[in-house]
Amino acid sequence: QVQLVESGGGLVQPGESLRLSCAASGFTFRLNTMKWYRQAPGKERELVASITPAYFTNYADSVKGRFTISRDNFKNTVYLQMNSLNPDDTAVYYCKVTLARVDYWGQGTQVTVSS
């Protein structure tokens, strides 16, 4: 079955960096758009970044220039490089794939930015 497993979260100080990973299985990874979302306490889940099978990327305005999404089709993994983190980036980060109009989510990884 479809599985998405995020990792790489943690506690960092403002201005520092983290790289999140999402390991995928159970579907043809290279043929599907992958997305990163985040959900902060008390807020709705929001789209952070996406990457298509052709490597086209898109970002939320709040992370443009700081975050980079990438994919490795040999490792079936999508990454989110996050630089210049600030407290507003504190959230649980999830990866998602949509297959036949069904959304599949990982369990999420916590990112906390605090001094």
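The values are calculated or read from the model by the stated rules, or taken from the named source; none is laboratory data. Given the structure is predicted, the values throughout are model-derived calculations rather than measurements. Ideal geometry is used to build each Cβ from the backbone, glycine not excepted, and the neighbour counts take in all protein chains shown. When the accessible area is computed, the model is the full protein with side chains, heavy atoms only, and any ligands, DNA or RNA have been set aside. Shrake-Rupley method; radii C 1.70, N 1.55, O 1.52, S 1.80 Å.
Of the GluC sites (Glu not before Pro) in region 1-109, which ones lie in a loop per DSSP and count no more than 11 other C-beta atoms within 10 Å?
Taking region 1-109 and a limit of 11 other Cβ atoms within 10 Å, the loop GluC sites (Glu not before Pro) found are E44.
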Query raised in the report: Counting Lys +1, Arg +1, Asp -1, Glu -1, what net charge surrounds N58 among other residues with beta carbon under 11 Å of its beta carbon?
Result: +1
Query raised in the report: Using DSSP loop states and a limit of at most 11 other Cβ atoms within 10 Å to flag trypsin sites (Lys or Arg not before Pro), what is the longest stretch of the chain containing no flagged site?
Result: 1-42
Report summary line: The percentage of the accessible area of the chain (probe 1.4 Å, all protein chains present) made up of carbon and sulfur atoms, to the nearest whole number, is 47
Query - Theoretical gain in end-to-end length, F56 to D72 [0.36 nm per residue, Cα-Cα removed] - result: 4.4 nm
Query raised in the report: Roughly how many Å² of Y55 are accessible to a 1.4 Å probe, to the nearest 10?
Result: 120
Report summary line: Scalar couplings 3J(HN,Hα) for region 67-72 by Karplus 6.51 cos²θ - 1.76 cosθ + 1.60 (θ = phi - 60°), nearest whole Hz, x for Gly and Pro, are 10, 9, 9, 8, 9, 10
Requested in this report: Starting at the first residue of region 90-95, write each ³J(HN,Hα) from the Karplus equation 6.51 cos²θ - 1.76 cosθ + 1.60 with θ = phi - 60°, in whole Hz, x for Gly and Pro.
Outcome: 4, 4, 8, 9, 10, 9
Query - Antiparallel DSSP beta bridges within the chain, percent to nearest 5 - result: 95
Requested in this report: Give, as a single signed number, the net charge of other residues whose beta carbon lies under 11 Å from the beta carbon of V113, with Lys and Arg counted +1 and Asp and Glu -1.
Outcome: -3
Requested in this report: Work out the P(r) tail for region 67-115: percent of alpha carbon pairs separated by more than 13 Å, whole number.
Outcome: 68
Query raised in the report: When ligands, DNA and RNA are left out and all protein chains stay put, how many square angstrom of accessible area per residue does region 7-111 have with a 1.4 Å probe?
Result: 54
